[in-house]
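Report on one structure; see the data block that follows.
The values are calculated or read from the model by the stated rules, or taken from the named source; none is laboratory data. This one's a predicted model, so the numbers in the text were calculated from it and none came from an experiment. Neighbour counts are summed over all protein chains in view; Cβ atoms, including those assigned to glycine, are modelled from backbone coordinates with ideal geometry.
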Amino acid sequence: MHGNAKLSKRLDDRVITHLSIRDTAIRRGGRLVFEDVCLELSAGEACALTGENGSGKTSLLRAVAGLVNLDAGEIGFGAVDVEDARAEGLHLVGHADGLKSARTAREELAFWGQWCGGGGGGGGIDAAADALELTSLLDLEVRRLSAGQRRRLALARTLAAPRALWLLDEPLSPLDARWRTRLSELMQQHLDGGGMILAAVHDPLPVATRSLELSA
Amino acid sequence: MSRLLALLQRETALAWGRGGGPLVAVGFYAGVATLLPLAIGPEPQRLAAIATGAAWVALALASLLSLDRLFERDFEDGALDLLTLSPTPLELTCFIKCVGQWLATGAPLAVAAPVAAIGLGASLNLAPLIFACALLGGLAFAFMGGIGAALSLGARRGGLLTAVIVLPLFVPPVIFGGGALDSFANGLPWRGGFALLGAYAAIAVALGPVAMAAACRNALS
């Protein structure tokens with residue numbers, strides 16, 4: 001809720017309201033991973049990215065974030081400049097979550113909240129921890145967290161610093177049944193606030209309004 | 001600005017814990033500084049002649065210790081991905097990572113350097129210059145070392161590769177700093193060598209982040 005309020009406050013020309021992936025192809029280590037992949041995503045929409053292991057779901061997410069070079073095609077963010085969109089407009093939550101095991105959950109959440117959000121401030125971080133029920137875990141070192149708790153901590157970043165486009169790599173897999181439901185609610189809130197989600201999934205994504213299957 | 005301060009704080013804290021941090025660096029430094037006289041012989045005169053040089057070379061070696069983890073850990077756990085998804089240019093991010101490295105290991109080593117040199121028999125009045133040279137040289141070691149660390153990202157046994165890439169880059173500061181200390185000890189003009197060391201550190205600080213950012217981008221893509 002809090003995240004979306006902030007997001008809508010910043011609804012100006014710097015917020016991404018459209019993602020377009022046109023005729024993209026990616027080659028990894030000389031092997032063609034996929035080609036001719038197209039997707040148009042507008043504010044409020046979520047796309048479930050499916051496909052076998054190795055079909056390039058993670059590569060596509062990383063390509064949208066600008067971390068993987070395209071072999072062909074282009075990725076655009078509507079009226080927003082590509083560099084600006086990648087710098088300030090999207091969150092990437094993947095398997096490599098960037099959390100340092102020797103630091104406390106609070107230190108990590110505070111740092112990434114500030115890094116992604118610019119202004120920072122404790123309010124967004126506390127609210128994010130609250131929404132993902134991490135408050136009682138904040139003083140633990142990251143290494144003491146379970147896989148599901150760790151994923152929730154990584155996801156808390158997306159609430160601590162509001163950004164329009166969420167790129168999620170199998171967000172549900174380490175979570176238990178209750179948290180899968182809870183995360184779906186949070187994703188729905190993000191979409192209702194004008195956000196967009198592109199998520200690589202193996203299980204059905206309840207909030208998805210469209211899907212894209214990659215074939216190896 | 002608060003974003004950069006937060007990064008500096010994190011990087012310094014991580015560097016402090018990385019590979020044992022300053023305690024291990026200083027311990028290694030003390031070890032190397034002790035080994036050299038054992039190999040060369042105990043005569044005070046002979047030791048005093050090599051004291052500053054030995055302390056200086058040991059400093060360069062100790063600076064190598066935690067370098068290999070400077071980018072490697074962030075690369076492996078995905079933090080480097082997230083650090084690039086920010087309005088802060090990657091060059092500035094690399095700059096701050098190196099400053100953190102310098103604060104956590106370069107500065108403690110600079111404090112240990114005069115102690116080691118005097119322990120080996122260098123005269124007491126050399127201490128301030130050794131400290132200044134070590135502080136400045138540490139800056140050059142951290143930024144040149146960062147280039148090697150970024151270039152060896154993703155390579156197997158990256159730590160060894162880092163050392164091989166970086167040691168040639170450590171040659172100029174070792175020559176300039178060692179020269180300045182030697183001149184001072186012999187009552188010769190030493191400012192030239194010190195100024196050259198400063199110039200080299202300035203070049204490292206200015207150009208290092210550009211090279212590191214390019215190497216990081218290359219490793220990520």
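Would you call residue B:84 within 14 Å of another protein chain (Cβ to nearest Cβ), β-branched (Val, Ile, Thr) and within 17 Å of residue B:212 (Cβ to Cβ)?
Answer is yes for this residue.
Among the numbered criteria (1) outside any helix (DSSP H, G or I); (2) modelled with pLDDT under 85, which one does residue B:50 miss?
Here residue B:50 clears every test but (1).
Failed condition for residue B:30, given (1) modelled with pLDDT under 90; (2) under 20 Å from residue B:219 (Cβ atoms); (3) part of a helix (DSSP H, G or I); (4) away from every other protein chain (no Cβ under 14 Å), with all others met?
(2) is the only condition that residue B:30 fails.
Give me the pairs: first residue in the range A:181-200 and more than 22 Å from residue A:65 (Cα to Cα) and surrounded by 21 or more Cβ atoms within 10 Å (Cβ to Cβ), second residue of a type outside the set (Phe, Trp, Tyr) and at pLDDT 95 or above, beta-carbon distance under 6 Å, and six or more apart or on different chains, which are they?
Taking only residues 6 or more apart or on different chains, not a single pair turns up.
Can you find a residue in the range B:62-81 that is over 16 Å from residue B:146 (Cα atoms), touching a residue at least 24 places away in the same chain (Cβ under 8 Å) and not basic (Lys, Arg)?
Yes, the range B:62-81 contains a residue that is over 16 Å from residue B:146 (Cα atoms), touching a residue at least 24 places away in the same chain (Cβ under 8 Å) and not basic (Lys, Arg).
In this structure, is residue A:149 assigned to a helix (DSSP H, G or I), closer than 14 Å to residue A:106 by Cβ and among the polar types (S, T, N, Q)?
Considered against the rule, which asks whether it is assigned to a helix (DSSP H, G or I), closer than 14 Å to residue A:106 by Cβ and among the polar types (S, T, N, Q), residue A:149 comes out as yes.
Can you give me the number of residues within the range B:1-27 that are of a type in the set (A, V, I, L, M), within 14 Å of another protein chain (Cβ to nearest Cβ) and surrounded by fewer than 20 Cβ atoms within 10 Å (Cβ to Cβ)?
Residues in the range B:1-27 being of a type in the set (A, V, I, L, M), within 14 Å of another protein chain (Cβ to nearest Cβ) and surrounded by fewer than 20 Cβ atoms within 10 Å (Cβ to Cβ): 6 in total.
Restricting to helices (runs of 4 or more DSSP H) lying wholly in the range B:63-162: which have 1 or more residues that are among the small types (Gly, Ala, Ser)?
Fully inside the range B:63-162 and qualifying: B:79-84, B:90-101, B:107-119, B:127-151.
Which of the residues that make up the range A:159-216 are closer than 21 Å to residue A:53 by Cβ, assigned to a loop (DSSP other than H, G, I, E, B) and among the hydroxyl-bearing types (Ser, Thr, Tyr)?
Listed by number, the residues that qualify are A:173, A:215.
Out of B:93, B:105, I need the residue that is of a type outside the set (Asp, Glu), over 26 Å from residue A:93 (Cα atoms), crowded, with 20+ Cβ neighbours inside 10 Å and under 21 Å from the mean Cα position of the chain (by Cα). Which one?
Going through B:93, B:105 in turn, just one is of a type outside the set (Asp, Glu), over 26 Å from residue A:93 (Cα atoms), crowded, with 20+ Cβ neighbours inside 10 Å and under 21 Å from the mean Cα position of the chain (by Cα): B:105.
Counting only residues that are more than 18 Å from residue A:112 (Cα to Cα) and away from chain A (no Cβ under 14 Å), how many does the range B:87-102 have?
5
Which of (1) facing chain B (nearest Cβ under 8 Å); (2) in contact with a strand residue (DSSP E or B) (Cβ under 7 Å, 6 or more places away or on another chain); (3) modelled with pLDDT under 90 is the odd one out, the single condition residue A:114 does not satisfy?
(2)
I'm trying to understand the selection: among the residues of the range A:32-71, which are within 14 Å of chain B (Cβ to nearest Cβ) and charged (D, E, K, R)?
The answer is A:62, A:71.
How many residues are within 27 Å of the chain's Cα centre (by Cα) and surrounded by 10 or more Cβ atoms within 10 Å (Cβ to Cβ) if we restrict to the range B:38-53?
8
How many residues are of a type in the set (A, V, I, L, M), within 17 Å of residue B:127 (Cα to Cα) and modelled with pLDDT of 90 or more if we restrict to the range B:182-196?
Going through the range B:182-196 one residue at a time, the tally reaches 1.
What pairs come up if the first residue lies in the range A:81-93 and is facing another protein chain (nearest Cβ under 9 Å) and without any contact (Cβ under 8 Å) to a residue 24 or more places away in the chain, the second is in a loop (DSSP other than H, G, I, E, B) and surrounded by fewer than 24 Cβ atoms within 10 Å (Cβ to Cβ), and their beta carbons are under 7 Å apart, counting only those six or more places apart or on different chains?
Short answer, once both residue conditions are applied: A:86/A:65; A:86/A:66; A:86/B:85; A:87/B:85; A:87/B:86; A:87/B:87.
Evaluate the following for residue B:34: is it buried (at least 20 other Cβ atoms within 10 Å of the Cβ) and closer than 28 Å to residue B:190 by Cα?
Considered against the rule, which asks whether it is buried (at least 20 other Cβ atoms within 10 Å of the Cβ) and closer than 28 Å to residue B:190 by Cα, residue B:34 comes out as no.
Any idea which of (1) buried (at least 20 other Cβ atoms within 10 Å of the Cβ); (2) more than 11 Å from chain B (Cβ to nearest Cβ); (3) closer than 22 Å to residue B:4 by Cα is the one residue A:126 doesn't satisfy?
(1)
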